[in-house]
Structure formats: C-alpha cells, structure tokens
DNA sequence: ACCTTTATAAACCATTTGGTTAAACTATTT
DNA sequence: AAATAGTTTAACCAAATGGTTTATAAAGGT
C-alpha cells in the first residue's frame, strides 16, 4: 500500500467513499483525505467526479460480473451449477459485502447506466443458461420451468439477504455474528430449496 | 390535488424527488419547483431537508410495513399465509414500485436509521411468524426448517425482483412489458417453490 | 547541463446549496 | 375595522463544493 501509485491510491479511496456515501453523497475532499493526497490530484488523474465514479463503478462491476458469468456458463449439470454458484457467490460476497448494494443503488439512480454496461465485455450472458435449462427440461432431467424464473429465484435468494442486511437484522432482531452464521447456513438452504423445486419427484 | 394544503403538496413533491434522487441527490429547489411553491415554504413547514426527508421516509415505511405485518401475523395456516403474502405484496408493489428500493437504499446509507424505526408502531414483528412455523413443525405439518430462513426466502423472492429490476431487465434482455408479465407469473412461482420446499413428501 | 514532461501542492474561483430574513399578503379574532 | 396570527414571497447569505490555476519539484530524455 505504501509504494502504491497515486492513481491507484485515489481509486481505492474513492471506492471506499463512494460505497459508503453513493455518488451524490461522496465529497471529492473526503476522497482526497481518505487517500492522503491533494484534491487537485483527483482531477489530474480522473478529470471529474463523474469520471472517477465511473472508474470505481466499472471496477466493482468487473469484479462481480465475471464471477456470476463464469459459473453461469460453465459446462456442468444444472444441479451442480446451482450449488457451485451459491457457494461461490456467498463466499465472494462475504469478502466484498458492499458491491451488490452499490451496483443496485446506482443502477436505480441512473437508468441509462445499464445500457452502457451491457456493451462491456464480461456482462453476464443469460442465453447459455437458458439453453441449458431448456435442454434439461426436454431431456426430462428437471421439471418444466421457465429459465427466467429459475434465474431470478437464484439471484434473489443469494443477493437479497446482503442488500437488505440492515433491514433483516432489524426484523429478526439479531446481531451481526448471528446474521453471518445465518448466511453460512443459507448456502445449503438455497441449494436445497431450488433443487427440491426443479427436481422431478418419483 | 388542486385544493390540497401546502404542507401536503410539499410532502408529495418531496416524495417524488427523494425517490428519484435519494436524500443526497435531491435539491430543495427541485422539490419546491415540483410543488410549484416557494422554497422558503419547505423550511417553514418542515424546518430542514433532513426533517423533510424523514417525513417522506416515515410515510413510505408506514405504507409498506403494515402491509407486511398484517399478513405475517394473520391467524391462518402457513401455506395460506405464504400465498396471501406473495399475492398481496406483488400487487401492492406494482402500485408503489419505488418504495422497496427507497427504503433499502436509505437503510444502507444510514445504519442508525433502523434503530429509530424499530421503536415505531407498525414495525413488522417476526416473533408471531416464528412461533407459528415452530408450531407447525412440531405438529408435523411441515418439514423441520428454521423460521428465519423461511422468512428470508419469502422476502428475497418477493422483493428482490423489484429492487433489481433494471439489472434483471439487462441480464435477461427483456422490455418493461415482458418484465411485468414475468412478475405476474411469479406470484404462483414463488408460492410453489416455497410450499414445495416446506411440504412433507409422502 | 538543459530542456521537456509528469507530478504534487496551495491558493483560488464560480456556482450551487441549504437555510434565513424581512416585508407583504391573507385569513381569523376581537 | 382594527388588531393579531398565520402564510407566502423575493431577496439575501454564508458555507460548501467541484473544479482551476499557478507555482514548484521531480524524472526522463537529449
């Protein structure tokens, strides 16, 4: 961290501040302080708040998007894929708990942003997953379900508990430690509820 | 709307602007314009941006919290409760699509906010639901599951698709109309996946 | 050594922003 | 109708904020 180049120090600091405060709540001066660097440097390297923000956003997205994409498009059976995705995702998000909320929040704030993202490489491609689901349905390996709904189930069950962590802790009246344990249990919970749903019963 | 008192006009305008831009992104002048009213009035009636925001937030929360609470605590069998909650919630949210995101966003921005809310009347009480789940497990009506996980499943599957609507539309490459149909289908989808999960198989 | 480019910092600036004031206007009370 | 209390507006203000400028080093090339 000591020999880190200024440009990266700024990006790291901006990451923290933007994730804490969002685009509008963040202050350039606060980012400069966090980086221990003169404010003029932010403009020197990133030109404007907007550009700096986009750099941070792209980085966050480019961390999580391939993570989703990779598992989704791997060439393994659906059951296995669901288990793998869930375990990987929850492990991953425990390390970067701010990312989902950051992305969802900014995507709701600026509706056009998603269009800019879609063109970027690494944007999750759903078609592969869809084809696989349809194939396994045809092969009689799983019940007849719509790939879209299955996909939304999977993301909902995995992502929501992290988005809504403060709210859920409030509802359930539990502390951080208990909540973390609950998330750990969810790995198998989620796999079970989904597989149980798509599995053909004898 | 014409004869509406100034105070309410302001609240309505603030609602729109805060929901569009969030606490930090919203401008007092923009709210005044939206209300077609002098900016000084906002301070006259609500004293500060913070207070105005809290009025808006409380209103949103007091619309949705009882909706959740009522169904959750109704005295009906669990299966029926899950169906009722899901149908009611999705219908409700189609009418107020901005509320979940607004609440989640601000709860993540200001962690202490949840504490202030908890004391308020109408804050969803989970204990009743928990007791019911435990009872039905003991009675052998449903599989042995933790009430917390079931509760999180239920909220995740219902709320997430609205929080992440822009993202999911991007992933699935579908338009608003198709997405709305998908949400309609989800009513039964969600009921099925959950009931299928907690049901005891013969 | 000399010059050019890159980096850093301090001071500065124009605009925006939440908030205030003082005056005017409109009920309401007496 | 005079006095009082409540409501509304335009003008104003101080602080904050994103961004710029100017000066000064440091590094790299010749």
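Just a few scattered comments:
- Distance from the Cα centroid of the range B:40-99 to that of the range B:110-182 is 14 Å (rounded to whole angstrom).
- For B:156, B:48, the sequence from fewest to most other C-beta atoms within 10 Å is B:48, B:156.
- Helix B:176-198 and the long axis of chain B differ in direction by around 40°, with both axes built from C-alpha atoms.
- Calculated label separations, residue A:185, copies of the chain, 7 Å along the beta-carbon direction, nm: 3.3
- If you run the Gaussian network model on chain A, springs between alpha carbon atoms under 10 Å, then out of A:98, A:89, A:45 the most flexible one is A:45.
- If you sort the three axes of the alpha carbon gyration tensor as a ≥ b ≥ c, you get a/c of 1.5 or more for the range A:108-202 and a/b no higher than b/c, which makes it oblate.
- Residue-averaged beta-carbon neighbours from other chains (10 angstrom radius) around A:183-194: 3
- Helical content of chain B, expressed as a calculated mean residue ellipticity at 222 nm, amounts to -25000 deg cm²/dmol (DSSP H runs of 4 or more residues, -39,500 (n - 2.57) each, divided by residue number, nearest 500).
- The angle between the Cα long axis of helix B:6-25 and the main principal axis of chain B comes to about 70°, on a 0 to 90 degree scale.
- Tilt relative to chain B, helix B:78-95 - C-alpha long axis, 0 to 90 degrees, to 10: 20
- Taken residue by residue and averaged, Cβ atoms of other chains lying within 10 Å of the Cβ of B:106-118 number 4.
- Percentage relative contact order, the range A:1-100, counting C-alpha pairs under 8 Å, at least six apart: 22
- Shape category assigned to the protein assembly as shown from the gyration tensor of Cα positions, a/c cut at 1.5: oblate
- Other-copy label distances relative to residue A:37, 7 angstrom Cα-Cβ extension, nm: 4.5
- Global geometry of chain B, whether rounded, prolate or oblate, following the gyration tensor of its Cα atoms and the 1.5 cut on a/c: prolate
- Exposure proxy ranking for B:10, B:190, A:114, based on other Cβ atoms within 10 angstrom of each Cβ and starting from the fewest, stands as A:114, B:10, B:190.
- The mean count of C-beta atoms from other chains within 10 Å of the C-beta of residues in B:146-157, rounded to a whole number, is 6.
Every read-out reported here was derived from the displayed coordinates using simple, explicitly stated rules and does not represent laboratory data. These numbers were taken from a predicted model, which means no experiment stands behind them. Neighbour counts are summed over all protein chains in view; Cβ atoms, including those assigned to glycine, are modelled from backbone coordinates with ideal geometry.
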